[in-house]
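The values are calculated or read from the model by the stated rules, or taken from the named source; none is laboratory data. Everything quoted here is computed from the prediction, not taken from an experiment. In this analysis, Cβ positions are derived from the backbone assuming ideal geometry, glycine residues included, and neighbour counts consider all displayed protein chains. Accessible surface is based on the protein model in full, side chains and every heavy atom, while ligands, DNA and RNA are left aside. Shrake-Rupley method; radii C 1.70, N 1.55, O 1.52, S 1.80 Å.
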Amino acid sequence: ESSARAQSRMRVNCNLALCLLISLRSSIIEVSAVALRSERPWTVSGATSASTSASSPLFSSRRSDDFGAAGGGPLPQQSQQPQQQRPYATEAAVGQKTDRPTQTAAAVIGSPSLPAKPKIVVLGATGGVGRHVIRQLMATGVDMTVVAFCRSYDKALETLYEGAGDADDGVGPSLVKRRTQRGPRLEIVVGDLVDKSQVFNYRDEDDEVEVEFNSTTLASVRRFYGEDAASEVYKASAQPSDDIEAHEALKAAIKDCTAIVSCVGTVRPTNPWTDYVLNPLRIFRKDASNWCSDPRHPYYVNYLSTREALDLAEREQRRRNVEIEQFEMAEEEMAKEAAKMGRSYEPADGRDHKKRGRAERIKFVRISDLAVSIHPWKVVSLFTNIGRSIVFRDQERCEMLLEESDLVDTITLRPGDLIDGERDANTTSLQVDASGNLPYPAYVSREDVAGVAVAAALTRKDGVKSTRAGKLDQEKAESYTWALRWAGSHLEQGKKSDGLPDAQSCVDRMFKLEKKRALRRKREEETRDTDSLTRVISTMVKPLRKRRLKPYGIAVAVPVYMVLAAVILSALRNVPGKEIALKYIVKRLGTA
């Protein structure tokens, strides 16, 4: 009986508690409804009427897709849905008098997507110069991101971590430690600079194994399930894969970068049969994608890779410029709306919208060769081109690509003969020439070349070392070409006084010289514009001053085919029927 009474009391208490909760919930709902009805719509601070808010769409319900999203285009999911109303302001906030609106251009379309800190992309990071570039970037202590772009992840780990750990300077272990410390952060990106589809008839070993596996699979399906099932399997296997394309990895690496350092190079011995004999006209053709199936050819490694990386860098620069233009348009319209309401509009970052400019230009630093500066019939250039697939022709084509870019600042480094030794600072200095030409002999270490490349990537054109990414650059794109070598009387390469003690001093000096040269050219142009006759003459002569590719094909063809003709004639001297053979050779040359 007592337990029954306890249960009945508990049941009554639970019912009472439930009733209290229901009544409390209804009271909360009523209070919230009254509060919402008493609130005013969101508007500019100091505007107390709903009509003012309705006449100012920029400050009330401007959609982000009106000026484009952060990526430069409209947001499709937002364009199909009604714009959500801004949060309501309280009576106290509305009553406060201020001349600054509560909404800025950054709130409307988002701030321009500009890099917050330096990001250096190193192409060919596992090569002889690239590994030195990575180590010196990681040793700077600058808070930045270093992207090592390479083809093999295992080789990158072995070269940049394990191999560096054996050095006496302790740079190797610091690569691992800096992952958890403030400073440079290393990222390894694996990809190909050149798409395999651009190589003539290219097929690697993995493709051959895959083809053999697919043919065996189709034969088994055809044997057990019939021809229809085999055709379905073939169609399914022929569908394009969802793998990331070759340039997608490079595109993701270049996004938000501030500088690109290209250390890509190749050593491809000439194949006399395919390069010279099979088709004699190939020696004059700059495009090797129609006949060469060797992906090590300088056309693929040097020219195509540079063209792909430069194209992606220019696209990234255009994207930043477009975002800043959209941001400027939004701020200008907001300033006009604020002026109509008698308010003053102040940008979120504290700068006048009229003083804005382009985003800071991406810097492209590429390591070329000093032999590009000499004539192709010189001994060094001639024998190197004959034995190395006319490598200097593609090197010069890369330089011409960089010079023609009007969106990216480019710096071409022309080192002499590269060696692995260290420079003795007591007897040898580092010489850098802004003309891009230095006499031979021109020995220089890979470490010093990497030091100049790192200093050029981190130093702005005004000579200030960049410890954080800049935002704006109103100047036009510049293109520089510098030659490098050691200077020392014991090396018979000039004197020690001809150079400077370190790479940073050389780069600072080069930027000062380039600035003086730019001012001199500007004064000459202004003087020329004042005289109409001089202006007409300069306009007519300007196409003649354009850089043209040197005749590398002719310089190589003359000695090569003279030697081949001598060999053939000497071999056919005592062979019967040599007239028929000579007629066949002449006919072959004529049809080619």
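Would you confirm, using the coordinates I've provided, whether E316 is more than 15 Å from the chain's Cα centre (by Cα), open to solvent by less than 40 Å² (accessible area, probe 1.4 Å) and not aliphatic (A, V, I, L, M)?
On the way: more than 15 Å from the chain's Cα centre (by Cα): no; open to solvent by less than 40 Å² (accessible area, probe 1.4 Å): yes; not aliphatic (A, V, I, L, M): yes.
Considered against the rule, which asks whether it is more than 15 Å from the chain's Cα centre (by Cα), open to solvent by less than 40 Å² (accessible area, probe 1.4 Å) and not aliphatic (A, V, I, L, M), E316 comes out as no.
Given the range 530-592, what helices (runs of 4 or more DSSP H) lie entirely inside it while holding 1 or more residues that are within 19 Å of T274 (Cα to Cα) and modelled with pLDDT of 85 or more? Please lay out each step first, then the result.
Details: elements: 532-541, 552-571, 578-591.
Passing ranges, in order: 552-571.
Restricting to the range 459-508, and then to whatever is over 19 Å from Q136 (Cβ atoms), acidic (D, E) and open to solvent by less than 60 Å² (accessible area, probe 1.4 Å), can you tell me which residue is modelled with the highest pLDDT? Within the range 459-508, the match that is modelled with the highest pLDDT is E478. Does any residue of the range 389-409 turn out to be closer than 25 Å to Q493 by Cα, touching a strand residue (DSSP E or B) at 6+ places or on another chain (Cβ under 9 Å) and open to solvent by 30 Å² or more (accessible area, probe 1.4 Å)? No, that holds for no residue.
Quick test for you: out of A253, A246, pick the one residue that is surrounded by 13 or more Cβ atoms within 10 Å (Cβ to Cβ), within 22 Å of the chain's Cα centre (by Cα), aliphatic (A, V, I, L, M) and at pLDDT below 60. Give the derivation first.
Numbers: A253 fails: at pLDDT below 60.
It is A246.
Return the total of residues in the range 495-526 being of a type in the set (A, V, I, L, M, F, W, C) and free of Cβ contacts under 8 Å to residues at least 24 places away in the same chain. Summing the residues that are of a type in the set (A, V, I, L, M, F, W, C) and free of Cβ contacts under 8 Å to residues at least 24 places away in the same chain in the range 495-526 gives 1. When residues in the range 410-442 are screened for being open to solvent by 60 Å² or more (accessible area, probe 1.4 Å) and within 16 Å of A503 (Cβ to Cβ), 4 of them pass. Within the range 182-191, does at least one residue satisfy the condition of being more than 18 Å from G265 (Cα to Cα), open to solvent by 30 Å² or more (accessible area, probe 1.4 Å) and at pLDDT below 85? Taking every residue of the range 182-191 in turn, at least one turns out to be more than 18 Å from G265 (Cα to Cα), open to solvent by 30 Å² or more (accessible area, probe 1.4 Å) and at pLDDT below 85. Is it fair to say A313 is outside any loop (DSSP other than H, G, I, E, B) and either touching a Cys at 6+ places or on another chain (Cβ under 9 Å) or modelled with pLDDT of 95 or more (or both)? The answer is yes for A313.
Any residue at all in the range 287-305 that's within 24 Å of the chain's Cα centre (by Cα), among the hydrophobic types (A, V, I, L, M, F, W, C) and surrounded by 20 or more Cβ atoms within 10 Å (Cβ to Cβ)? Yes, the range 287-305 contains at least one residue that is within 24 Å of the chain's Cα centre (by Cα), among the hydrophobic types (A, V, I, L, M, F, W, C) and surrounded by 20 or more Cβ atoms within 10 Å (Cβ to Cβ).
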